[in-house]
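*Asks:* Questions regarding the structure given below will be posed in turn.
The values are calculated or read from the model by the stated rules, or taken from the named source; none is laboratory data. Computed from a prediction, not measured in an experiment: that's the story for all the values here. Neighbour counts are summed over all protein chains in view; Cβ atoms, including those assigned to glycine, are modelled from backbone coordinates with ideal geometry. These area figures cover heavy atoms from the full protein model, side chains too; ligands, DNA and RNA do not enter into them. Shrake-Rupley method; radii C 1.70, N 1.55, O 1.52, S 1.80 Å.
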Amino acid sequence: MMASTTSATTAAAAATTKSRGSSSALCPRVAAGGRRRSGVVRCDATGVESQAQAVAKAASVAALEQFKISADRYMKERSTIAVIGLSVHTAPVEMREKLAVAEELWPRAIQELTSLNHIEEAAVLSTCNRMEIYVVALSWNRGIREVVDWMSKKSGIPASELREHLFILRSSDATRHLFEVSAGLDSLVLGEGQILAQVKQVVRSGQNSGGLGKNIDRMFKDAITAGKRVRCETNISSGAVSVSSAAVELALMKLPKSESLSARMLLIGAGKMGKLVIKHLIAKGCKKVVVVNRSVERVDAIRGEMKDIEIVYRPLSEMYEAAAEADVVFTSTASETPLFTKEHAEALPLVSDTMGGARLFVDISVPRNVSACVSEVGAARVYNVDDLKEVVEANKEDRLRKAMEAQTIITEELKRFEAWRDSLETVPTIKKLRSYADRIRASELEKCLQKVGEDALTKKMRRAIEELSTGIVNKLLHGPLQHLRCDGSDSRTLDETLENMHALNRMFSLDTEKAIIEQKIKAKVEKTQN
């Protein structure tokens, strides 16, 4: 398909070049401004513009024709929902940070993904534990290949290396995965609430940018419903911890027990996750924390909310001085480059032996704020989000039991979404069949009125005849349209409904499926050429 389009575009470009050559031959050595000095021959700008428009139109038509030749091939495939991604379960943080997409760049990523030839809709879910791309693909194999190539180009990681860590799911498996993610079932910390807020943000970001398509938008909204139900109807959230609380737990595990509450705590970054770090430090009995942040306003807001701990603000310019005075350094910023390198760590003074003789760096940022080479410094120990597994492995059996309870709700919500999506299959046929019947009704009604004569009918009589014709059509269509219903409210299966749809398409020559594919292809071509 792509090769055909390229050929058509190349041919059009050649035509353009040829046309321009002809224009030059007609107006040799034309002076600036488009006039010949020795005669009346003129290169009219309007004519050139019209010629360019004609060539562009020809290119568009040629490209469309090439695409439409392939329509029969795509009719065999249903537009497929898929997820391509990697997570804390499949890839190390070194790889995840290269693929991470900042929240403010999600709309741009969606725009780039939907401009790919075989991708109709897209959404990006990028967090510290995962980077997942959800798409509706016009063609499964080609669409997946294009997305993987996009990920490779963005991250600089060869596609062959990426594939070793990627997971790829399609149709109901992809939808179920998103519902499980939203419910916190796929999180490093089972049942944690932050992921639900991040799924909500995908929808909010899509609405603000107009980027989410009909299928992806509905799927994410249903995922939010599933996430809420799981938390309300099961006790999965009871005792659940977040990444931030696991980070605090890990730090206290690594400190000498007798000194854990007297350790000097430093937090760099006062965002959502940083705020949660402070909250869990309070829960553990910590009485003081130093917070380094770009602005003091956010720190003041946290100080106003949390009265049970002393919060000392230090500006970003004093970060290394603050680190020199800390035993534990939590980092949680959106910095694209490391804040601490080996040289920085080596320059810091040693911590006391009572604190274990080594400064702890607990980095919960992706991309990482603390370079991996810091671990080479003898007086420093570095932990990142992948190291939190040690904390969350506790009570594994209890967590698995809660996950099984949640799966019942996930299945119910999945059935609702699949029924909604199945119902979309027959909508174009229903519209075309009704339009076809209405055209016949209008045509026959007009013939009848002409025979009777306009003057022979009162307005009331004319309205009665029109209502009669409409009623007949509605009665005749009621049976066929009932057999096109597939919303999960009756026992009719999707296969039976699709058989009925194909039969109606053949009987009335509606050719709905091909028209839909051609419409999608046309939209992709026009978007590419714009």
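*Asks:* Answer with yes or no whether ARG142 is closer than 25 Å to LYS214 by Cβ and either surrounded by 20 or more Cβ atoms within 10 Å (Cβ to Cβ) or at pLDDT 95 or above (or both).
*Replies:* So ARG142 fails the test.
*Asks:* Enumerate the pairs (first residue in the range 422-434 and under 20 Å from SER469 (Cβ atoms); second residue anywhere and of a type in the set (Val, Ile, Thr) and in a helix (DSSP H, G or I)) with beta-carbon separation below 9 Å, excluding pairs fewer than 6 apart on the same chain, so at least 6 apart or on different chains.
*Replies:* LYS431/THR512; LYS432/THR512; LEU433/THR512; ARG434/VAL473
*Asks:* So which residues in the range 110-134 are closer than 18 Å to ARG204 by Cβ and without any contact (Cβ under 8 Å) to a residue 40 or more places away in the chain?
*Replies:* Result: SER126, single match.
*Asks:* Return the residues of the range 445-475 that are exposed (fewer than 13 other Cβ atoms within 10 Å of the Cβ) and among the charged types (D, E, K, R); say none if nothing qualifies.
*Replies:* If the condition is that a residue be exposed (fewer than 13 other Cβ atoms within 10 Å of the Cβ) and among the charged types (D, E, K, R), then GLU446, LYS447, LYS451, GLU454, ASP455, LYS459, LYS460, ARG463, GLU467, LYS475 are the ones that fit.
*Asks:* Just to verify a result, which residue in the range 258-280, among those that are among the small types (Gly, Ala, Ser) and in contact with a strand residue (DSSP E or B) (Cβ under 7 Å, 6 or more places away or on another chain), is nearest to SER187 (Cα to Cα)?
*Replies:* By that ranking, first place goes to GLY274.
*Asks:* Over 20 Å from HIS280 (Cβ atoms), open to solvent by 10 Å² or more (accessible area, probe 1.4 Å) and in contact (Cβ under 8 Å) with a residue 12 or more places away in the chain: does that describe ALA323?
*Replies:* So ALA323 does not fit the description; no.
*Asks:* Take the range 420-437 and flag every residue that is surrounded by 14 or more Cβ atoms within 10 Å (Cβ to Cβ), modelled with pLDDT of 80 or more and either within 15 Å of SER171 (Cα to Cα) or polar (S, T, N, Q) (or both).
*Replies:* If the condition is that a residue be surrounded by 14 or more Cβ atoms within 10 Å (Cβ to Cβ), modelled with pLDDT of 80 or more and either within 15 Å of SER171 (Cα to Cα) or polar (S, T, N, Q) (or both), then TRP420, ARG421 are the ones that fit.
*Asks:* Taking LEU255 as the residue in question, decide whether it is open to solvent by less than 30 Å² (accessible area, probe 1.4 Å), over 32 Å from the mean Cα position of the chain (by Cα), without any contact (Cβ under 8 Å) to a residue 40 or more places away in the chain and within 25 Å of LEU188 (Cα to Cα).
*Replies:* Here the answer is no, as LEU255 does not meet what is asked.
*Asks:* If I ask for residues that are part of a helix (DSSP H, G or I), of a type in the set (Ser, Thr, Tyr) and surrounded by 22 or more Cβ atoms within 10 Å (Cβ to Cβ), which ones from the range 156-213 would you list?
*Replies:* Within the range 156-213, THR175, SER182 meet the criteria.
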